[in-house]
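Inspection log for the structure reproduced underneath, given as structure tokens.
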Amino acid sequence: LVFFSSLSEDKVWTTVYHDLQMQTSVGGNSLEKLSVLQLNYSATMDQISAITSSAEYCEQFISYSCKMSRLLNTPEGNPYTWWVGKANEKHYYWGGSGPGIQKCACGIERNCTDPKYYCNCDADYKQWRKDTGMLSYKEHLPVSQVVVGDIDRPGSEAKISVGPVRCQGDRNYWNAASFVTSSSYLHFSTFQGETSADISFYFKTSASDGVFLENLGNTDFIKLELKSATEVSFSFDVGNGPVEIIVRSPNQLNDDQWHRVNAERNVKQASLQVDQLPLEVRKAPTEGHTRLELYSQLYVGAAGGQRGFLGCIRSLRMNGVTLDLEERAKVTPGVKPGCSGHCTSYGMYCANGGKCVEKYNGYSCDCSKTAYDGPFCIKDVGAFFEEGMWLRYNFRSPGTSIKDLVSRTLLSSTDPEITAPDLNLNKEELSFSFSTTKSPCVLLYISSYTQDFMAVLVKPSGNLQIRYSLGGTKEPYNIDVDHRNMANGQPHTINITRNGRDIVLQLDHYPPTSYSLPTVSDIQFNSPKALFLGKVIEIGKIDQDIYKYNTPGFTGCLSRVQFNQIAPLKAALRPTNASSHVHIQGELVESNCGASPLTIPPMSAATDPWHLDSASADFPYNGQAIGDGVNRNSAIIGGVIAVVIFTILCTLVFLIRYMFRHKGTYHTNEAKGAESAESADAAIMNNDPNFTETIDESKKEWLI
């Protein structure tokens, strides 16, 4: 049955059970090649779909215990076992993995019993093994069938366990709209609340009054409004005359904090509650009209020339249906989708392009479209590349049409100008960091279905080169950074932005440098095909220099690689929908060794030793003589500094000697003749004439 369970972290879970028993056995010398296990749930598929669609998160446990029964037949074969989810779609990933990734949890975490396989069961051992994990891609849930194969061999056995569907959270909880003027409103279809009305929402405002919502009939109406800074009113008329219920708050309601309103009306009574204040109830008359007859549209905000609500409304539910305020606000002047909540105050902590997402009691950072990870999108996702290893990210999946790619790809940036149907890029943004001690090598290469390409290379000298070939020129356009050795084992950051003909390059913390493609060069990157890291493995003609630099390949660290909205390294190391685009040759080991660049503060042109004022500029370290003018100025400045330092030192010496002379002259009450006395006591006795008399007197008194 469906039930709600409060957990320790104050989350409410909706759980839907099915009739398949845990550890259901299949196989055991079975003559059938396939065994189909059907799951029947306690709710209809439409009901479960409604639950998963409105939930923030859903999960379903699945387990495969095996003895000589392979599961997904990794790494290259066709799966023996699969499961069927929503809309009767087959899925070839297992618990702990994600869509498009034919792996089990141990394949993602690289801890399978046999490292040659991506599932424990694929090793085909005669001993019992297990692959388990959570299915959490809620668009595919629930599991309706499990089809098990590889059970027809002697000794083959398998056991299947599928847990209930569990969902928590409400995606509509933060469905909100901001009303920026007092005449702003949203309109929806007529509210159908003839015999009963249940309306709830949250609001926050700094205004002292305004209409929340209103729906009219000939004489009937229903309205909720903020009457004053401390009063909320619920009024209606079903034909017996207007009725108004008011809740008065002891505290200000226009404090720019969230407040909840819940209004109900049926044939017996009407009620209104604000926050946790006492419920105000009004009984319906025993005789008279009971049906609320409305005909106009439902207005949320200003209506009929009245002063509308100024502020934010979210999670507006009317008779159990959540109104999509955000979607309607996108096409309505004077109303903005969303609302400033926690993200207004703390959204800046979502770094590196992470998106702030409002939550029940706080916020979270969505890092899915960044090359970073962690709670605040600040953790670099990087890897160590051994010699000969490479990674390819295909912009287009096998079997994907160009039309489908345009609708789903992350290749283009958020700018609509570069989402053309033929995927010709007029601009791109590339950023990553790396460290290496070996040169030459290819750091990154982007191929195309034409002859266009882009490459970032380390030349034999250790210098960096960015190479563009967009057509229109005989040779690629090269940007050579000849004055810095990038193969020094230190982390370096590269940011490249191209907009049409203009290119901006920034290395580490040095100021950006601008370049421009030749006037005869095309400015469109035509039909990008794949992005390579570490080495280029591409069919067709490859630039001669890139071919030379390609052997033996890059050795070192690459981190936070991002091309427009694509993060290929992250897609390889984190299970995402984009992981199916990635192909890896070799063992990709996650590492942050290329993560943090040297923290060198920005330099001005005057102080940067690498800044070129002209083509003939000389560097002080390259063995050439410095100009006479520079020598003369340096000599004068050096002489002045030497005189000042000498004067300061002399002054300090005299001050110190003077201070110590006075500190060494001090007076004591040492007795005269102390130097000739046998002891200190003897010196005192010789020096003080009264000392003898004292002794004598003491002696006399002692004798008496």
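The values are calculated or read from the model by the stated rules, or taken from the named source; none is laboratory data. Small disclaimer: the values here were computed from a predicted structure and weren't measured. Glycine gets a Cβ as well: all are built from the backbone with ideal geometry, and neighbour counts include every protein chain shown. All accessible areas refer to the heavy atoms of the entire protein, side chains included, with ligands and DNA or RNA removed. Shrake-Rupley method; radii C 1.70, N 1.55, O 1.52, S 1.80 Å.
Worth a mention:
- Tally, over region 541-568, of residues that are open to solvent by 40 Å² or more (accessible area, probe 1.4 Å) and among the aromatic types (Phe, Trp, Tyr): 1
- Note on region 14-66: among residues that are open to solvent by 60 Å² or more (accessible area, probe 1.4 Å) and part of a strand (DSSP E or B), the one that is farthest from Cys121 (Cα to Cα) is Tyr57.
- Residue-level analysis places Gly534 among those that are among the small types (Gly, Ala, Ser), assigned by the TED database to the domain that holds Phe385 and within 23 Å of Ile566 (Cα to Cα).
- Filter pass, Val281 being open to solvent by less than 20 Å² (accessible area, probe 1.4 Å), touching a Ser or Thr at 6+ places or on another chain (Cβ under 7 Å) and aliphatic (A, V, I, L, M): no
- Of the strands (runs of 3 or more DSSP E) lying entirely inside region 248-313, those containing at least 2 residues that are more than 38 Å from the chain's Cα centre (by Cα) and over 20 Å from Phe191 (Cβ atoms) are 280-283.
- Selection within region 192-225 - part of a strand (DSSP E or B) and more than 18 Å from Met318 (Cα to Cα): Lys204, Gly210
- Positions within region 569-583 being open to solvent by less than 50 Å² (accessible area, probe 1.4 Å) and touching a strand residue (DSSP E or B) at 6+ places or on another chain (Cβ under 9 Å), in sequence order: Leu569, Lys570, Ala571, Ala572, Leu573, Arg574, Ala578, His581, Val582
Conditions tested, residue by residue: (1) modelled with pLDDT under 85; (2) outside any helix (DSSP H, G or I); (3) at positive phi.
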{"residue": "Val504", "(1), (2), (3)": "no, yes, no"}
{"residue": "Val520", "(1), (2), (3)": "no, yes, no"}
{"residue": "Lys529", "(1), (2), (3)": "no, yes, no"}
{"residue": "Tyr547", "(1), (2), (3)": "yes, no, no"}
{"residue": "Thr551", "(1), (2), (3)": "yes, yes, no"}
{"residue": "Cys557", "(1), (2), (3)": "no, yes, no"}
{"residue": "Ser579", "(1), (2), (3)": "yes, no, no"}
{"residue": "Pro602", "(1), (2), (3)": "yes, yes, no"}
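- You will find that of Ala50, Ala55, Ala105, the residue that is free of Cβ contacts under 8 Å to residues at least 40 places away in the same chain and more than 22 Å from Arg574 (Cα to Cα) is Ala50 and no other.
- Hits in region 220-241 (condition: touching a residue at least 12 places away in the same chain (Cβ under 8 Å), closer than 18 Å to Thr195 by Cα and either of a type outside the set (Val, Ile, Thr) or in contact with a strand residue (DSSP E or B) (Cβ under 6 Å, 6 or more places away or on another chain) (or both)): Asp220, Phe221, Ile222, Lys223, Leu224, Phe234, Ser235, Phe236, Asp237, Gly239, Asn240
- Region 516-537, subset open to solvent by 40 Å² or more (accessible area, probe 1.4 Å) and under 23 Å from Cys441 (Cα atoms), residue nearest to the chain's Cα centre (by Cα): Lys529
- Of all residue pairs spaced 6 or more apart or on separate chains, those with beta-carbon atoms under 7 Å, a first member in region 276-296 that is in the same structural domain as Glu194 (by the TED database) and a second member that is assigned to a strand (DSSP E or B) and hydroxyl-bearing (Ser, Thr, Tyr) are Leu279/Ser271; Glu280/Ser271; Val281/Ser271.
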